[in-house]
1. If r is the Cβ-Cβ distance from Glu122 to Trp338 and R0 is 25 Å, what FRET efficiency results, to the nearest 0.05?
2. Taking the dipole about the Cα centre of the stretch 258-339, with the C-beta of Lys and Arg at +1 and of Asp and Glu at -1, give me whichever of Ile258, Ala327, Tyr283 is farthest to the positive side.
3. Fully extended, how many nm does the chain gain between Thr139 and Tyr188 (0.36 nm per residue separation, minus their Cα-Cα distance)?
4. How far is it, in nm, from the label point at Glu82 to the one at Met215 when both lie 7 Å from their Cα along the line to the Cβ?
5. For the stretch 176-195 and the stretch 251-308, what is the centre-to-centre distance using only Cα atoms, to the nearest Å?
6. Report the label-to-label distance for Gln232 and Lys180 in nanometres (one decimal), using points 7 Å from each Cα along the Cα→Cβ vector.
7. Within 10 Å, count the other beta carbons around each residue, average over each peptide in 121-128, 68-75, 140-147, and list them highest first.
8. Given Cβ point charges of +1 (Lys, Arg) and -1 (Asp, Glu) and nothing else, what value in debye, to the nearest 20, does the dipole of the stretch 14-330 about its Cα centre take?
Amino acid sequence: MTFFRKPQWDRFKDNDVTPEEVFRARRQVAKALGLGAISASVPLNVQAGLLDWFSQGSDTDAMAPRRPLTSVSSSNYGIGDELTPEDKILTHNNFYEFGTAKTDPYKNAQGLKTRPWTLSIEGEVDTPLTLDVDELINTLPIEERIYRLRCVEAWSMVIPWLGFPLSALLKKANPTSRAKYVAFETLYDPKQMPGQASRFAGGGIEYPYVEGLRMDEAMNPLTLISVGLYGQTLPPQNGAPIRLVVPWKYGFKSIKSIVRIRLVETMPPTTWNLLASHEYGFYANVNPQVDHPRWSQASERRIGAGGLLSAKRIPTELFNGYGEQVAALYANLDMGRWY
Ligand SMILES: Nc1nc2c(c(=O)[nH]1)N[C@H]1C(S)=C(S)[C@@H](COP(=O)(O)O)O[C@H]1N2
Ligand SMILES: [Mo]
């Protein structure tokens, strides 16, 4: 009889995006707390944040109210895949500003103040803009777009987003010919976001969370600015009131709760690349042939009615299945080098 050990990535667990060093630091703090001993070298305000982070406290039943949104059209880019049930989309999240566990955003983000909310578009534009989110929602035609979302941790969902193409928004600001990239920034408000107040609770990330796209990626018709899902405005844990959705790239490119968009001449810094550049690149195109250093990207677990635990493992597709729409953007790019 032959026994063999399954490779790490095939065990029945979630991959953790957190770089190993940060993960170890978190574990040490958890241990210290378990023993009731907090090092005297950890400042008091940080200790308080940590205690919040480890308490199970928050009210998980009180969801921030959402408003129905009507859409002018619906396009299914889920390519026949079954929709992930809404309760899974709302309770299994990555939003490190509210903690690093999958249920933290759902538990901790309900108090996020999402109105009034202004979004600025600046940099290499002829018409810099400061826009009110409700005005945007009321003036741009809202489309429904059913997209796959593939997280770099190798789980995925199928989500009916509501929103409008990023290109429609950028055109309002009249980008100059020098605009080569688009940089995005999440709200920075440590008073509202416990992960921003404590390096440990926030997974070691330097906030605000930042992301970027090349100009041609930003103008691609698939690139969406989302303001809702499942027929209603976004809940805080999914990036209310306004977030990016780039369905052919790993989920971390789809930055949440955006306050600033800046058109720039050179490739902007991006959060996960800043944290661990050998693990996360600028492009982050979904690619089953380029593995994460710590796990395979050849397959993914599609989250359905049973949640992550009973999720089926399915093959991952190049560009998450959107090659027809985007492969031409990368005709001259070495995708192994520019992961
Ligand atoms: N500001 C911010 N945006 C973020 C993240 C985050 O931690 N902070 N996580 C990213 C990751 S890793 C993923 S997979 C998606 C998850 O989106 P969802 O929770 O709506 O499914 O959001 C992305 N956007
Ligand atoms: Mo992710």
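Here, each number is a calculation from the coordinates, and none is a lab measurement. No experiment lies behind these values; they were computed from the predicted model shown. A quick note on method: Cβ atoms are made from the backbone with ideal geometry, for glycine too, and the neighbour counts reach across all protein chains shown.
1. 0.40
2. It is Ile258.
3. 15.0 nm
4. Distance between label points: 4.5 nm.
5. The stretch 176-195 and the stretch 251-308 have Cα centres separated by 16 Å.
6. Placing both labels 7 Å along Cα→Cβ, they lie 4.5 nm apart.
7. The densest-packed peptide leads the list: 140-147, 121-128, 68-75.
8. 340 debye
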